[in-house]
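The values are calculated or read from the model by the stated rules, or taken from the named source; none is laboratory data. Worth saying up front: this structure is predicted, and the values here are computed from it rather than measured. Using ideal geometry, Cβ is built from the backbone for each residue, glycine included, and neighbour counts are taken over all protein chains shown. The area values use the complete protein model at the heavy-atom level, side chains included, leaving out ligands, DNA and RNA. Shrake-Rupley method; radii C 1.70, N 1.55, O 1.52, S 1.80 Å.
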Amino acid sequence: MNKSVPALLIATSIICLPLSAKGKKDAAPAVQNENTISAVQDEENANRSATLVHTPAGSTVQEEQSTKKSDQDGINPKTGFPEIEAKPYVMFNEGAAFSQVTRIVYQDDYNRSNFVWQNYLAGVYCEMQTGNMKPVNSIYRVAAYYPFYHTFNGMEQPAKQPILYAFDVYAGPFFQGDMWKYVLINFSFGPHFFYELSDEYHHVEAGGAVMLGIELPVATYWTIINNGIFSVDYGNLGSNRSMQPYDMVWNYQVELGVRFSLRGAHEYAYIHQKPPKTREQKKLEREQRKAAREQKSAMRKNTAKKWENEITADTTTEQSATKQNE
């Protein structure tokens, strides 16, 4: 009886060992699944918090990405309109001008010729011309003249007073073509105003004008301009309207000028020029020249000090040698 008890205990332990091992194997996959689920939840929470992170300006990361995208597409993030890549600019033309004014009074009697007054004027002009303007460029012109010659039906009429003057104003849209980039062709049309002080009247005339001319790109930043302007005006706005009204008035002007413009540089020109130096470049060159002068001055001082030390050393050596000889 006593010998059978240990045998029973041994058999029971042998049977329980496989069951306990099987229980451990079944528990391991459950723990692994719980770890996987927790890892997925942590990743989702991290992504959710990342989308809600705010920048210092108070916008989310998604808004910042959209702003970068708009910048890449050429949209101004402040205005919402496309960026202006080619900035508008203005150019100025100056030069000499010549004008001829013709005023006519028609005669009803066919046996008599018409009355024709012609004045010749010389002066200077200035123009302001736009570039890269939308939808079209424009030009604004002002000219000042001195009437130096007067005729009536072809006969000279000397002026009685020396203080005579006139000025001309024109504005209109500006169109430009070219002949293979060698010659630029100008065309414009618009309103015209002319004032002249003569011996008898204050002539005030207004009407329309047409401009046609050429430009020669002689250099990258220099242009020679030759334009002609023809206008037809109403000539009875001045003091002559009650005493001597005119039936027809026209004005022909020729101008020869020059333009220097950095913004309106020619891509194709007869003479190519190097771009002018900017203020930063000029400032840097001045600083470099100043540093070079200071360096040369320091080198001269060092050389003089070196020579002075050598002379002092030689003098000391000679004095010591003299004392030894004594």
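Observations on the model:
- Residue within the range 203-215 that is free of Cβ contacts under 8 Å to residues at least 60 places away in the same chain, crowded, with 18+ Cβ neighbours inside 10 Å, farther than 19 Å from PHE98 by Cβ and more than 23 Å from the chain's Cα centre (by Cα) present: yes
- Residue that is basic (Lys, Arg), open to solvent by 60 Å² or more (accessible area, probe 1.4 Å) and more than 36 Å from the chain's Cα centre (by Cα), where the choices are LYS296, LYS283: LYS296
For every residue, the table says whether it meets (1) over 26 Å from PRO147 (Cα atoms); (2) in contact with a Ser or Thr (Cβ under 6 Å, 6 or more places away or on another chain); (3) among the aromatic types (Phe, Trp, Tyr).
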{"site": "SER242", "(1), (2), (3)": "no, no, no"}
{"site": "TYR252", "(1), (2), (3)": "no, no, yes"}
{"site": "TYR268", "(1), (2), (3)": "yes, no, yes"}
{"site": "LYS290", "(1), (2), (3)": "yes, no, no"}
{"site": "ALA313", "(1), (2), (3)": "yes, no, no"}
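- Of everything listed in (1) in a helix (DSSP H, G or I); (2) open to solvent by 70 Å² or more (accessible area, probe 1.4 Å); (3) of a type outside the set (A, V, I, L, M, F, W, C), the single unmet condition for THR303 is (2).
- Looking across PHE187, PHE230, PHE174, one residue alone is crowded, with 20+ Cβ neighbours inside 10 Å and either part of a strand (DSSP E or B) or in contact with a Cys (Cβ under 9 Å, 6 or more places away or on another chain) (or both). It is PHE174.
- The set of residues in the range 233-267 that are open to solvent by 100 Å² or more (accessible area, probe 1.4 Å) and either out of contact with any Phe, Trp or Tyr (no Cβ under 8 Å at 6 or more places or on another chain) or of a type in the set (Val, Ile, Thr) (or both) comprises TYR234, ARG241, LEU256, GLU267.
- Verdict on TYR146 being at pLDDT 95 or above, of a type in the set (Ser, Thr, Tyr) and touching a His at 6+ places or on another chain (Cβ under 7 Å): no
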